[in-house]
Amino acid sequence: MTELIDGLYREGEPIADTKAPAGPLEEKWEKRKFDAKLVNPTNRRKMHVIMVGTGLAGASAAASLGEMGYKVSAFFYQDSARRAHSIAAQGGINAAKNYRNDNDSSFRLFYDTVKGGDYRARESNVYRLAEVSEAIIDQCVAQGVPFAREYGGLLDNRSFGGVQVSRTFYARGQTGQQLLIGAYQALERQVAAGTVTNYARHEMVELIVVDGKARGIVARDMVTGELQTHLADAVVLGTGGYGNVFFLSTNAMGCNGTAIWRAHRKGAYFANPCYTQIHPTCIPQAGAHQSKLTLMSESLRNDGRIWVPKKAEDCDKDPRQIPEEDRDYYLERIYPAFGNLVPRDIASRQAKNMCDEGRGVGPKVDGERRGVYLDFSDAMERLGKDGVSEKYGNLFDMYKQITGENPYDVPMRIYPAVHYTMGGLWVDYDLHSTIPGLFVTGEANFSDHGANRLGASALMQGLADGYFVLPNTINDYLADGPFEDVSGAPEVTETLTDVKSRTDTLMSINGERSVDSFHKELGNIMWEKCGMERTEEGLKEAIGEIRALREEFWKNVNVPGSAADLNQSLEKAGRVADFLELGELMCIDALHRRESCGGHFRAESRTEEGEALRHDDEFAYVGAWEWGGDNQAPILHKEDLVYEFVEMKQRSYK
């Protein structure tokens, strides 16, 4: 281990994925499935798996493991598994079916994803994702998911950012909802069969590790306040991302990073924490009172044209009164090959650039106009109002309800916002973390998207991990079972005692500031200094500010009510306490990565044209961070990214 670097972190031994087989990409997954050990059906019935989270990744994994015969306990903090945040995804799910005969293939989907992630993802994982994508669509159609269809009855496709083919399957603007209902039905089938037990309104607050292996969780019954220990042979986390560290994001307010952060503190490496997705197509912030932002589907960029006035003095005008020659369709101008379908990071950064130039539109918030137009007037002429409504009607209705403006008549206003996190717990090819027995699926792991996720790939990864990957890899670990009973192990009692002590501390501080005030201040630091654009100076300032804020939190937070009851302030306090630690690690990760990559723009690293400039000679690796201990420096482990099948080069969408 190295000496302290920049006074902030140490560098440890390199890390490697030892599970992905060597050889051609198209043979790796079949070889791994064959080489993995199996568990016979009788033994599966004796084994118990805990599933935390029941979004697309969690529900599909729990249903699949239950179908295989394992005993599964599924934990989720919502009152129904149908209310997981996956329901909010709108635009679609990618699959390389090539229904449009536009030269799509598994390899092209793989290449687009690696390139879209700015060459910071593993080849083996990404190719597997592309390879199983076709089976996902067949699975969902068999479940009755009502995908959009063409006149002749074939499944319809549309395009998404970062690609030049149509491979996105969709259900109007409700794709996440429809896919989640399919996964929910599969889950409930196993509940009825007796293989899965649901624990609604239960939040995981700690991971139980016994003899170095993940053997259970401590969960809080959110209705009664009771802290419970639940033990199993393996634990799977499918708890989504940590975008709410920014306070304002497109995530539901309940989304949090506690499950993966508590696992990190117990020994699970956290990979690429600074890689967060900025989505370009969100309704702009209306004022300081807001606690979340609303996503408008990226699918809108298929038919909507993005522009700002060429002259700042026109920004106050009704957009319908600005003639065509005075409009700057800046994405079409700068990136003619992809136009409005450039990847999310590029569309977001250019929207910010336009507003920074003083050409933003909409009302001023804190003295600045943060908005650009998304205009459907051309689409209305081409498709008619009914045609536009058929494709985007529910999105248009949602926009009108929120803003009071009718997008059929007046161009929408959009602005970038935090949406998805590409960072997450480090996993190998088997989705196995650095803690034996702890597996991580979907957005909670880091493995598939590199530094930028292409649109319509989140639903693809969640279902790929849950239906097809985890059920074929967890067997390799469970085949060494059955494992010994650990109900009497001292680690179980110690973990429960630690959680109670932490809870008592939060309840006893009795300070003067609300949990939300700390969260909002943290979010402002993160957005301004670890958001779309970062500088070395700003990140160092952010680390100091977060440390000071965390110290004040533990001295001055006020958590009203009782721990032995329904207490949403206590729930939020635990999550914000974890965000205050995670936010610091995100800034340290961003500081050490002195390059612009994906949506992570370091002002010190740009091309002559102002585009993001990577430094592959220095940073072509996954940064996997080990918890160093309370008030101790984290430890960086590097996993080199070696590209055998694609060439690393600076991205161009022009």
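Before moving on, here are some points about what is shown:
- Residue-normalised accessible area of region 177-285, expressed per residue, 1.4 Å probe, Å²: 25 Å²
- Computed Rg/Rh of region 245-298, alpha carbon atoms with Kirkwood Rh: 1.06
- Cα long-axis angle, helix 515-530 against the chain (0 to 90 degrees, to the nearest 10): 60 degrees
- For the chain, the Kirkwood estimate of hydrodynamic radius, built from reciprocal distances between every pair of different alpha carbons, is 25.1 Å.
- Percent carbon-and-sulfur accessible area, the chain, ignoring ligands, DNA and RNA, probe 1.4 Å: 46 percent
- More than 28 Å apart - percent of Cα-Cα pairs taken over region 177-330: 46 percent
- Over region 554-627: Rg over Rh, Cα atoms, Kirkwood Rh: 1.23
- When the surface is traced with a 1.4 Å probe over the full set of protein chains, Thr434 keeps roughly 50 Å² accessible.
- For the chain, the longest principal axis of the Cα atoms and the long axis of helix 568-592 meet at an angle of about 70 degrees.
- Counting only aspartates and glutamates at least 8 places from Lys649 when in the same chain, those with an alpha carbon closer than 18 Å to its own are Asp112, Asp118, Glu123, Asp345, Glu595, Glu608, Glu609, Glu611, Asp616, Asp617, Glu618, Asp640.
- Residues in region 90-141 average 29 Å² of solvent-accessible surface per residue, probe 1.4 Å, ligands and nucleic acids excluded.
- If you count Lys pairs in region 331-480 whose Cα atoms are under 22 Å apart, skipping same-chain pairs closer than 8 places in sequence, the total is 4.
- Between 0 and 90°, nearest 10: helix 25-35 axis offset from the chain longest Cα axis: 20 degrees
- Where the alpha-carbon atoms of region 116-158 are placed on the principal axes, they occupy 39, 20, 12 Å, in descending order.
- Here region 139-254 has an Rg and Dmax of 19.4, 59 Å, counting Cα atoms alone.
- For Ser291, solvent-accessible area (1.4 Å; no DNA, RNA or ligand), Å²: 50 Å²
- Dividing the convex hull volume of the alpha-carbon atoms in region 268-411 by its residue count gives 152 Å³ per residue.
- Antiparallel bridges, percent of DSSP beta bridges restricted to the chain (to nearest 5): 65 percent
- Ordering of 446-456, 404-414, 30-40 by packing [mean C-beta count within 10 Å, highest first]: 446-456, 404-414, 30-40
The values are calculated or read from the model by the stated rules, or taken from the named source; none is laboratory data. In this text, all values refer to a predicted model and were calculated from it rather than measured experimentally. Every residue, glycine as well, gets a Cβ built from its backbone with ideal geometry; the counts of neighbours run over all protein chains shown. Accessible surface areas use protein heavy atoms only, side chains included; no ligands, DNA or RNA. Shrake-Rupley method; radii C 1.70, N 1.55, O 1.52, S 1.80 Å.
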